[in-house]
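Report on the structure given below.
The values are calculated or read from the model by the stated rules, or taken from the named source; none is laboratory data. Worth saying up front: this structure is predicted, and the values here are computed from it rather than measured. Please note: Cβ atoms are built from the backbone with ideal geometry, for glycine as well, and neighbour counts cover all protein chains shown. These area figures cover heavy atoms from the full protein model, side chains too; ligands, DNA and RNA do not enter into them. Shrake-Rupley method; radii C 1.70, N 1.55, O 1.52, S 1.80 Å.
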Amino acid sequence: MKDATVFLLLMSLLLFSSCEKVILEQESSASGEGINVVLTVADVEAYANGDATRGRTSVDKVCTRLCFAVYQNGQRVKYDNQKAGDSDFGTASMQLEAGSYQLLILAHSGDANPSTTKPTQIKFTNQTASGGTGFTDTFYYFGDLEVTNGMPAKQYVLERATAMFRLIVKDKKPSDVKRFYFYYTGGSGQFDATTGYGNANSQQKMTFDLDASADGEPLEFELYTFPHDSDQKVTFKIEAQNAEGQALYTKELKVPMERNFISQFSGNFFTDGEPDNPDEPDDEDEEGSILVDTTWDGTEEYTY
């Protein structure tokens, strides 16, 4: 009986020692073997080549999604995707070994996140009935990250990766026009974060449904692409459609687009001549309104 008691006591001590060892390994893995790295988006830089101080704004004012991705030797080793409303939106904390890495921070407002597996292939897709990310204004940071013991929290400023095409329709919309459909080529739905430029020949599509509030009012549409590192123009084929998706009015425009610039085309889409609305602002007022938009380097204005 005494031997049995001693045996049970020894087994209990071994079991307790084993459980304690597991707990210690978990604590060591979290705090001893890895370095806690805190990454924060300080601002979004509105002017890529201008007055950066005046052009900076809070990230939650320009996007609804953030992606943090850390790479080493070309492989993604950690990532954190966030949505507006998350308590930690704008700040990511992760455990990393000491060493040299590359960091990507991506800000956008798509329906879903693009893949960040490779920093050279950040791909957004057309919105479809089954999903897709959609194309929105997109900001990013990409650069080296040195992880060392005792490193302070890092703050980053993001810059714009996209160009915008803005279409302003000045004449009155016919009542049977229920949507605008845009199909455009020459830009890219994918970009290379290491260069900041588009690197695919994409077929981009966007549809805008119109409700009764659009009747009698000038229409305005904004579409985005990642321009290539060249002077390539983007071709927009535009359809004003009825409720059944039939094209009632069409127009094709070849648009020069540049990163962080707005290419704005304004004119009559449904009729020729002057717009029906006599209260439209004249050219001087339109140029003045550009000064209010501190988000972009500038606006190139055209008529069609």
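Across segment 212-254, which residue is nearest to the chain's Cα centre (by Cα) among those that are open to solvent by 70 Å² or more (accessible area, probe 1.4 Å) and of a type in the set (Lys, Arg)?
Among residues in segment 212-254 that are open to solvent by 70 Å² or more (accessible area, probe 1.4 Å) and of a type in the set (Lys, Arg), the one nearest to the chain's Cα centre (by Cα) is 233.
Residues of segment 127-143 being in contact with a strand residue (DSSP E or B) (Cβ under 6 Å, 6 or more places away or on another chain) and open to solvent by 40 Å² or more (accessible area, probe 1.4 Å), which ones?
Correct list: 141, 142.
Just for strands (runs of 3 or more DSSP E) wholly inside segment 98-164: which have at least 3 residues that are modelled with pLDDT of 95 or more, of a type in the set (Phe, Trp, Tyr) and at negative phi?
Where strands (runs of 3 or more DSSP E) fall fully within segment 98-164 and carry at least 3 residues being modelled with pLDDT of 95 or more, of a type in the set (Phe, Trp, Tyr) and at negative phi, they are 139-147.
Out of curiosity, is residue 201 open to solvent by 40 Å² or more (accessible area, probe 1.4 Å), part of a loop (DSSP other than H, G, I, E, B), within 23 Å of residue 82 (Cα to Cα) and in contact with a strand residue (DSSP E or B) (Cβ under 8 Å, 6 or more places away or on another chain)?
No, not satisfied.
Of the conditions (1) within 21 Å of residue 161 (Cα to Cα); (2) open to solvent by 70 Å² or more (accessible area, probe 1.4 Å); (3) at pLDDT below 95, residue 83 clears all except one; give me its number.
The number of the failed condition is (3).
Here's the yes/no breakdown for (1) under 20 Å from the mean Cα position of the chain (by Cα); (2) among the small types (Gly, Ala, Ser):
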position	(1), (2)
97	no, no
125	yes, no
131	yes, yes
138	yes, no
